[in-house]
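Q: Sharing a structure, written as structure tokens. Questions coming.
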Amino acid sequence: MALGLFRVCLVVVTAIINHPLLFPRENATVPENEEEIIRKMQAHQEKLQLEQLRLEEEVARMAAEKEALERVAEEGQQQNESRTAWDLWSTLCMILFLVIEVWRQDHQDAPSPECPGGDEDELPGLEGAPLQGLSLPNKGMLNHFYERCIRGATADAARTREFVEGFVDDLLEALRSLCNRDTDMEVEDFIGVDSMYENWQVDRPLLCDLFVPFIPPEPYHFHAELCCSRRSVPLGRQGYGQIKVVRADEDPLGCICDKTKLGEDMLCLLHGKNSVAQPGSEVEMLLCARDAPYLDTLQVMKWFQTALTRAWHRIAHKYEFDLAFGQLDSPGSLKIRFRSGKFMPFNLIPVIQCDDSDLYFVSHLPREPSGEAPASSTDWLLSFAVYERHFLRMTSKALPEGACHLSCLQIASFLLSKQSRLTGPSGLGNYHLKTALLHLLVSRRPADWEAGQLDARLHELLRFLEKSLLEKKLHHFFIGNRKAPHTMGLPEAVRRAEPLNLFRPFVLQRSLYRKTVDSFYEMLKNAPVLISEYSLHIPSDHTSLPPKA
């Protein structure tokens, strides 16, 4: 029984051990799946190869990008180094330029060894071969020419001034009688300026220049604004300013008519016809620019011409001559015509005084070469004519008796006038001659202006002009000249301003510059013959030359 059970158990165990589901035999299914496994392995291998190729391409692309970035970084570093070097070079050049400019200013500020007592430097370049080798007449010829031609021709200047001043007094008095003191401008006494009142007028006919200041009615006044007093001003506006009409008791920077209620009989002079102002504010409507509280030069010129015409019609019956306007662009250019056919021109120039100084704003300056036109009709030209007259008078007191400074200016003005009639006007005018003389007056000792040194000083004046023309630089004598005498009482803003170059138009206008230089040397070439001819014979028409066009 037990043996039988053992046998049965052995059979069962053997059957279980040999069952294929429990212990499958190795390689039993290989023959069935071998091809499929190989095919899958090949496909997987192909995928691996493709992935390997893609990875290689990605690595190559990343390497190329890295190389490009490194190249760009290297170029940027080189550019930065180059830019740094360029900035350093520019900085060094700027420093060098500033050092040279400072040295030049110091050199100019140093006193001249020839003029130990001078207030201004002796300008360099006057010791070289001057005036292209052209020679001027000797001392004897110049003295003979001056005594025979110039001194005699200007002997009746005092009588001319006296006649013109008497007539202008009567004309301005008639103008005042026609004005309403409550609404019209008030005209003040005239001021004589320029060559006729500085005693160096040589051109014929003799011409008087008279400033006529005017002020607004109360309670208004003019507020002057100098362009040269501003921190930044264009070069072309250094010699200009603007004039604002303001109430005497209000801030000149603004108007209060829109902040307070004005009475029916109160008018605002700062606004135009379309404003709240009642009809009748004639001052504003005639003289101020449209939509601006600043005086308009064109409106002032029109008003002044109309006022002079009305004044003349009031007194015309008292005189046996006619009065006519000489030039359309100069409202105060007047001409007295006598019945004999002779005439006597003079200029009445409306001006506005700058505060309490001798500086005046003018709408125009007659008879001078045209330079840069003002940017706006509200820009008024600064005139230092009264300062110049005072300076010449003050300097003459310190010079020896019979000094030759005005004689030099007269001869140079005579030559320039004759040359202008031969070849036409150029960019050089009498004001440039006078400015050059003013610079030389403070650079030379008083003893250097004795009458016996007329030829040397005239030669030096022409050399100064030649140097200024070649450099295209002639500084205004007062604007920006801190060496101007303090006794003149110049406004501090004018003294501290940047120097004004009167020859700046030559930098911008090449044709005008070339014509001016050619005319200057032609004048020097003709000077000996012209002086010799006029010394021997004074033309019959010298006392009645027609006025300049």
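The values are calculated or read from the model by the stated rules, or taken from the named source; none is laboratory data. Since the structure is predicted, the reported quantities are computational estimates derived from the model, not experimental observations. All Cβ positions, glycine included, derive from the backbone under ideal geometry; neighbour counts span all protein chains shown. Accessible surface areas use protein heavy atoms only, side chains included; no ligands, DNA or RNA. Shrake-Rupley method; radii C 1.70, N 1.55, O 1.52, S 1.80 Å.
Q: To make sure I understand the rule: partners must be lysines, Cα under 27 Å from the Cα of LYS139, and not fewer than 8 residues away in the same chain. Which ones qualify?
A: Those lysines meeting the cut-off are LYS397, LYS418, LYS434, LYS467, LYS525.
Q: To the nearest 10 square angstrom, how much accessible area does LEU365 have with a 1.4 angstrom probe?
A: LEU365 exposes around 80 Å² with every protein chain in place.
Q: Oh, and also: List, largest first, the extents of the alpha carbons of the stretch 407-549 along their principal axes, each in whole Å.
A: Between the extreme Cα coordinates on each principal axis of the stretch 407-549 lie 50, 40, 27 Å.
Q: Could you sort ARG39, ARG148 by their accessible area in this structure, using a 1.4 Å probe and putting the largest first? Intermediate values should be presented prior to the final figure.
A: Working: ARG39 145, ARG148 105 Å².
Sorted by accessible area, descending: ARG39, ARG148.
Q: Follow-up question, since we're still on this one. Not counting ligands, DNA or RNA, and with a 1.4 Å probe, what is HIS475's accessible surface area in Å² rounded to the nearest 10?
A: Result for HIS475: roughly 70 Å² accessible.
Q: What net charge is computed for the residues neighbouring VAL72, neighbours being all others with C-beta under 13 Å from the C-beta of VAL72, Lys and Arg scored +1, Asp and Glu -1? Please list the in-between numbers first.
A: Working: positive: LYS66, ARG71; negative: GLU65, GLU67, GLU70, GLU74, GLU75.
Taking every Cβ under 13 Å from that of VAL72, the sum is -3.
Q: Roughly how much of VAL99 is accessible, in Å² to the nearest 10, using a 1.4 Å probe?
A: That residue has around 90 Å² of solvent-accessible surface.
Q: Heavy atoms only, probe 1.4 angstrom, no DNA, RNA or ligands counted: give me HIS317, HIS459, HIS405 ranked by accessible area, highest first.
A: On the way: HIS317 145, HIS459 50, HIS405 10 Å².
Result, largest first: HIS317, HIS459, HIS405.
Q: Show the residues, 5+ positions off or on another chain, whose built amide H is closer than 5 Å to the amide H of CYS208.
A: Result for CYS208 returns ASN347.
Q: Could you put MET94, MET394 in order of accessible surface area, largest first, with the 1.4 Å probe and the full protein assembly present?
A: Details: MET94 105, MET394 75 Å².
Largest to smallest exposure gives the sequence MET94, MET394.
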